[in-house]
Ligand code: PMM
């Protein structure tokens, strides 16, 4: 599984929420048969792994208890893992993660970055599995009030670095760690766009980065109609693909998406086009929310963590 973390190609994580109330797919895969069928479909569409969650994390959502969460996900994990699907468990509870790993999950995707449950680091360390540490400031019910930053990118980077340090201190090997900016979690739309534009500053942490923009409300707001009514989740696919591609072109390790096929197709185009890399100048990012300067150049211009503006092609990534 360490190979997955070290994977060279962008990793596509398909979302499977076994919940009645997730913001975009809530209720669709709440029963076992529908959930398993959808997991199989995600893999057929090209997902490298399927991220299974049993608790909605949409803003304002109430928590479910651990038993309910586990009862939703465990049968689905067991079935998909037995069929050879690489499963990640989307939970911030150590007990649920432990049971999911025993049921065949191979990755822990923890939206709290280890903050919600002090026992999570032990579970992950003992399992030796990859651990996605997402930036998080609090549970869904109160997270809107927590969206206050001096500079969102600097603050998220520093808080992610703390979570990484805590994981390393707890004995989790560095090569099992993946970081995630946590788009939409205690973030306004403007925060999400800043994080997107200045992704290289988060990549400077030196860990693979997972990017989860899929169908989130800031995309709906971007695509609002003339009356300012946000585009519903069903109409956010093209924007999801575009923003996922931006993230991969900036160097993200992987993307977490609901519609796997669209993203896989876009990545095929990206690969065929020479894997162009979007690099943003840090200052440009702060000035204008990121820049796509014209021109292609071969080879990197990375020097001391500073990235020059422009697009480059890299044959070997
Ligand atoms: N977003 C959601 C749930 N889990 N996990 C990671 N690592 N990153 C995310 O951005 C993320 C996540 C919320 O979206 P959903 O309700 O569609 O699953």
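Between the alpha-carbon centres of segment 248-267 and segment 81-132 there is a gap of 22 Å. Here's the picture: a label point sits 7 Å out from the Cα of residue 95 along the beta-carbon direction, and within segment 115-131 the residues with their amide nitrogen under 17 Å of it are 116-124. The separation of segment 151-227 from segment 53-70, counted between C-alpha centres, amounts to 21 Å. Between the beta carbons of residue 188 and residue 265, assuming R0 = 35 Å, the FRET efficiency works out to 0.70 to the nearest 0.05. Among 166-175, 11-20, 236-245, the peptide with the highest mean count of other Cβ atoms within 10 Å heads the list, and the full ranking is 11-20, 236-245, 166-175. Judged by the mean number of other Cβ atoms found within 10 Å, the most tightly packed of the peptides 254-261, 204-211, 83-90 leads the ranking 254-261, 83-90, 204-211.
Using the Cα gyration tensor of segment 2-272, with a ≥ b ≥ c the square roots of its eigenvalues, what is the shape: rounded (a/c below 1.5), prolate (a/b larger than b/c) or oblate (neither)? Judged from the Cα gyration tensor, segment 2-272 comes out rounded (a/c under 1.5). Per-peptide packing, taken as the mean over residues of other Cβ atoms within 10 Å, places 134-145, 96-107 in the sequence 96-107, 134-145 from highest down.
Where a number appears in this text, it was derived from the coordinates with a stated rule and is not lab data. This structure is a prediction, so every number in the text was calculated from the model and none was measured. For neighbour counting, all protein chains shown are included, and Cβ atoms are generated from backbone atoms with ideal geometry for every residue, glycine included.
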